[in-house]
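Just below is one structure, and these are the notes that go with it.
Readers should treat all values here as calculations from the given coordinates under stated rules, not as data from a laboratory. Not measured: the values here are computed from a predicted model. For neighbour counting, all protein chains shown are included, and Cβ atoms are generated from backbone atoms with ideal geometry for every residue, glycine included.
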Amino acid sequence: MEGMTWLGWSFDAFVGAGLLWLAWRALASPDLFKAVVLFVAFGLLLALAWVRLEAPDVALAEAAIGAGLTGALLIAALTRLGISMASGRHRNNNKEEL
Amino acid sequence: MQAILSELPWGLFLILIPLIGGIACFLLPVVARRLGLLTASLVLSAAVGLGWQLSSRGVYHHAVGGWGAPLGIDLYADGLSLLMLVMTALVGFGVSLYATGYFKPGHLVRFWPLWLLLLGALNALFLSADLFNLYVTLELVGLSAVALTALQGGRDALTGAMRYLLATLLGSLAYLLGVALLYHGFGTVDLVLLSERVVPSPVVWAALGLMSAGLILKTALFPLHFWLPPAHASAPAPVSAVLSALVVKASFYILLRLWLAIFSDISGDVAGLFGLLGAGAVLWGSLQALRQTRVKLLVAYSTVAQIGYLFLVYPLAPGMGITAWSAMAYLLISHALAKAAMFMAAGNLMQFGGHDRIADLDRVVQRLPLTAGAFALAGVSIMGLPPSGGFNGKWLLLQAALAQGRWDLVGVIFLGGVLAAGYVFKVLGNTFTQAPRTHEPISVPARMQWAAVLLAAGAILIGFLSSPLMALLEVGDPFNINGKGP
Amino acid sequence: MSVPFLYALVGIGLFCLGFHGLIVYDHLLRKILAINIMGSGVFLVLVALAKRGGEAAPDPVPHAMVITGIVVAVSATALALGLMLKVQAATGHAVLPGKSRD
Amino acid sequence: MAGYAWLLRLLLLLLAVGLGYAVLSLPDQAQGLQPDVLGKMDQSGVTHPVTAVLLNFRGYDTLLEMAVLLLALLGIWSLGGLPEARPESEPGPVLGTLTQVLVPVLIVVAGYLLWTGAHAPGGAFQAGAVLGAAGVLLQLTGWRLPRRAAGHPLRITLVAGVAVFLIVAALPLPGGRQLLEYDPNYAGVLILVVEAFATVSIGVTLAALFFGADPTDKAPK
């Protein structure tokens, strides 16, 4: 029993750290396509966190809406921006003229 | 007959009618215009109905689903809610009338569903007593306001709307985190129950900070006003009117409710900070308005300044209860009417000359007298000259400040008035003369001019309605004048 | 520290991380991701704290609130992405023009 | 900007510490509404607590939230059409076959989630999202809504969820009862009706959000 608790706790710590790491990478990654993929992975890991918190309804909603459809919307927006999988770096992101 | 009328759930009608109207306009674009005007008139009559109900039977209370707080969601209306609802209905009717002349048919069809949903969301917000429900209505208000800002497209409007969207979402999330903390600290999101349960603790402090910051951002209080001028100045004129008159007031209203129910006992220092920011807003907004060369930007910065006055009330309220809160009520409604009229007048000028550069206004007084008159009347209220609602508000505020020896605030109120006179006359002064570049007048539909005149006249008129307005405001004792608790 | 508080703190971390991203990154897509991450942080606080107190089934009210919140978030994201594409079409860049004159 | 980066990080760190402290100061025992919810479950018409909260106790929130979803679509449509996505290649036979298999499966899954929501995790939003995913997949293979379905039929489908919810919510009003006050005997049926329409509307709205423009609009150029 004691061992199970410890195992559970370290699993939760791993999920929590993973969430923070994925969120940070999704924001900081210079490659926009990669950022979106990381964000979808973040959503899926978050669904796992909902399961751990005994919120299966939220987990289902997160997986389907949060990760799935938001991911689809993001990728559709990327292709419409003219950013593709091959060259994820967005074209010039230099400062705008006023 | 009277018995039936006073039984009707007018508060619910205020929410349901615009929602149904918006859906109907979406399904039947061919008759959207008639449906839209009908909906706006029905909302106005429902607001009057609610006012009548409140004055005869006291506060309005509706437990949605029959559950009652804390399990269910309660709707609640007292004098303060009524003030906001009547203000919304009046401005809403004027804007609806104005929009039928302003938009081309293609845009008008898209305008109606968005605008009616916004109207319903505002009403729902002013009737809600549940913090999470308020979050949902805030998002409804925010998203529809952004969509309306971008309605006609164009580079400025699109970037303005984008900035606005990011700011409003950030504000909502900060608010929601505060709601989460309060719920887990005290087990409810009902405002009345929270006001009974809340005790000073780190959770309340964190919630106070998050919710105040989020709502202040959404209200565009200096120095978090950066998103307002680009959005309000680039939106279509009727939308600018709604944004300045009503939408910023929605988040302000929630902040006020939170303050009255939960936070006022917990912190005195924050009131001082609000006062300081308010003073900064009055001075900074007025100075910036004075510097603008375009009418709509000038009017938008004037909104930044006028929001500041609302926050001057907080430090004065503890000593001067009813005077200070009455001042706020007057400032809220008179600014809504006057500012909506000003944006409508600015829209007329734009339609008339194809631009809104102040220096190039060409003989507007002769050729567009109603519009110039509306701008002047609204200006009277914004400057705080008698007789007008703005005068009553500023006069009461001045009284409260004088009675407490707050000479700094007296100075700010006075200086704000002088600067307001400066920017109003900057526009009016250019309406008499012939511009260097003259142009042929483009006709402006009469109803666009009359809508502006109507609202501007309303801002003047409420200066004379002091006693009934104050009597209605006291229904349910929203400001805890007679002791704590709604 | 118990598991609910661990996740609640992760939620606070995500909120602040997203807030940071919203401020420092220029590209609108990244700002939209940042808002979503902030939202996930808030949802995590709401749901995690509902499980305080161990074995009993957690409070369903925050769960329902978060499902509502997720739908609101996807709505806002869709509108923001649409607006971003129009901004790019109008200005050539998916970034907000520099500091507004202010 | 770079000069302020450290200051910003410091401030945010302070914010995180402050908020973390507030969270940790909460009592170890949750004091939410769980007892209230469980106490009223037998009158809710369903046996799953989250569904009871979403569709009954706090159904008003859900009603407004469906309006938010509709609003997002109205907002995108009012932008007047987004630039068309440029597919990198024609959808291959793999995607085509996959879609032929997946779409019916997704529809069945959506139906199951909707049905099971009354007594187990699931419900209108999850089911609607799965339905929306089916719509997205169809669009990826190049399928487009037939012209005759793009006008009124589409619009009616989009608003059906909110409209039916509004009607069900307003039904008790003429009898002098409160908005959304279901008769406990019919609550289960009414909730299922509301959820069924909501599922279809949510699914179609999400798919339409992905498409990004009013299909009756002329191509924006």
FRET efficiency for B:VAL418 and B:ASP360, using Cβ-Cβ distance with R0 set to 22 Å, rounded to 0.05: 0.25
Using only alpha-carbon positions, what ratio does the radius of gyration of chain B give when scaled by 2.2 N^0.38 Å? 0.92
Between 0 and 90°, nearest 10: helix B:369-383 axis offset from chain B longest Cα axis: 40 degrees
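What does the structure give for B:162-175 when I average, per residue, the other chain Cβ atoms found within 10 Å of the residue Cβ? Could you put the intermediate results ahead of the total?
Details: counts 12, 6, 1, 10, 10, 1, 1, 13, 8, 0, 6, 13, 4, 1.
The shielding value for this peptide is 6.
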Calculate for chain C the 222 nm mean residue ellipticity that helices alone would give, adding -39,500 (n - 2.57) per DSSP H run of length 4 or more and normalising by residue count, nearest 500 deg cm²/dmol. -26500 deg cm²/dmol
So, counting K/R as plus one and D/E as minus one, what does the shell of residues with Cβ under 14 Å around B:LYS249 add up to? +3
Violating pairs (Cα-Cα greater than 26 angstrom) within the set B:LYS218/C:LYS31; B:LYS339/B:LYS426; B:LYS339/C:LYS86; B:LYS249/B:LYS296: B:LYS339/C:LYS86
Give me, ordered by chain and number, the residues 5 or more places off B:ALA150 or on other chains with an amide H under 5 Å from its own placed amide H. none
Would you tally the net charge around B:LEU131, using a Cβ to Cβ cut-off of less than 14 Å, leaving B:LEU131 out, and scoring K and R as +1, D and E as -1? -2
Which order do A:SER10, A:SER29, B:SER201 fall in if you start with the one that has the fewest other Cβ atoms within 10 Å? A:SER10, B:SER201, A:SER29
In nm, to one decimal, how far is the modelled label at B:SER56 from the one at B:ILE442, with both set 7 Å along Cα→Cβ? 4.9 nm
Per the helix-only calculation at 222 nm, which mean residue ellipticity applies to chain B, given -39500 (n - 2.57) for every DSSP H run of n ≥ 4 and division by its residues, nearest 500 deg cm²/dmol? -25500 deg cm²/dmol
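Could you line up B:ILE216, B:ILE266 from fewest to most neighbouring Cβ atoms inside 10 Å?
By the 10 Å Cβ count, ascending, the order reads B:ILE266, B:ILE216.
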State whether the protein assembly as shown is rounded, prolate or oblate according to the following rule on the C-alpha gyration tensor (a ≥ b ≥ c being the square roots of its eigenvalues): a/c under 1.5 gives rounded; otherwise a/b larger than b/c gives prolate, and the remaining case gives oblate. rounded
In segment A:1-56, which chymotrypsin sites (Phe, Trp or Tyr not before Pro) fall in coil by DSSP and have 12 or fewer other Cβ atoms within 10 Å? none
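Return the FRET efficiency for the residue pair B:GLU7, A:SER10: r is the Cβ-Cβ distance, R0 is 45 Å, and the value is rounded to the nearest 0.05.
Computed FRET efficiency for B:GLU7 and A:SER10: 0.15.
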Relative contact order (percent, whole number), chain D, Cα cutoff 8 Å, 6+ residue spacing: 29 percent
Chain B: angle of helix B:32-57 to the longest principal axis, Cα-based, in degrees nearest 10: 40 degrees
Once you order the gyration tensor axes a ≥ b ≥ c over the Cα atoms, which shape class does segment B:268-486 get: rounded for a/c under 1.5, otherwise prolate or oblate by comparing a/b with b/c? prolate
³J(HN,Hα) computed for each position of segment D:5-10 - Karplus, 6.51 cos²θ - 1.76 cosθ + 1.60, integer Hz, glycine/proline x: 4, 5, 5, 4, 4, 5
Counting alpha carbon pairs within less than 8 Å and at least 6 residues apart, what relative contact order, in whole percent, applies to segment B:95-160? 33 percent
From other protein chains only, count the Cβ atoms within 10 Å of every residue's Cβ in B:225-235, then give the mean. 1
D:VAL101 versus D:VAL189: modelled label distance in nm, points set 7 Å from Cα along the beta carbon direction: 4.1 nm
Chain B: relative contact order from alpha carbon pairs under 8 Å, six or more residues apart, as a whole percent, is 16 percent
Between the helical axis of B:105-127 and the dominant principal axis of chain B, each derived from Cα atoms, what acute angle in degrees is found, rounded to the nearest 10? 30 degrees
With N set to the number of residues, divide the alpha-carbon radius of gyration of chain D by 2.2 N^0.38 Å and report two decimals. 1.30
Phi to ³J(HN,Hα) by Karplus 6.51 cos²θ - 1.76 cosθ + 1.60 over segment C:27-38, Hz, x for Gly, Pro: 5, 5, 4, 5, 4, 5, 4, 4, 4, 5, 5, 4
Quick note on B:ILE481, B:ILE73, ordering by fewest other C-beta atoms within 10 Å, gives B:ILE481, B:ILE73
Cβ neighbours within 10 Å from other chains - mean over D:151-161: 2
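Provide the net charge surrounding B:PRO113, with neighbours chosen by a C-beta distance below 13 Å and charges set as Lys +1, Arg +1, Asp -1, Glu -1.
Once positives and negatives cancel, what remains is +2.
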Under Karplus coefficients 6.51, -1.76 and 1.60, residue-wise ³J(HN,Hα) of segment D:127-136 in Hz, glycine/proline x: 5, x, 5, 5, 4, x, 4, 4, x, 5
Whole-Å distance, taken between Cα centres, linking segment A:4-36 and segment B:219-288: 37 Å
Row for segment C:3-91, column shape: gyration tensor on C-alpha, a ≥ b ≥ c, rounded if a/c < 1.5 i.e. under 1.5, prolate if a/b over b/c, else oblate; value oblate
Sequence-distant residues sharing a close amide H with B:SER128 (under 5 Å, placed H): B:TYR76
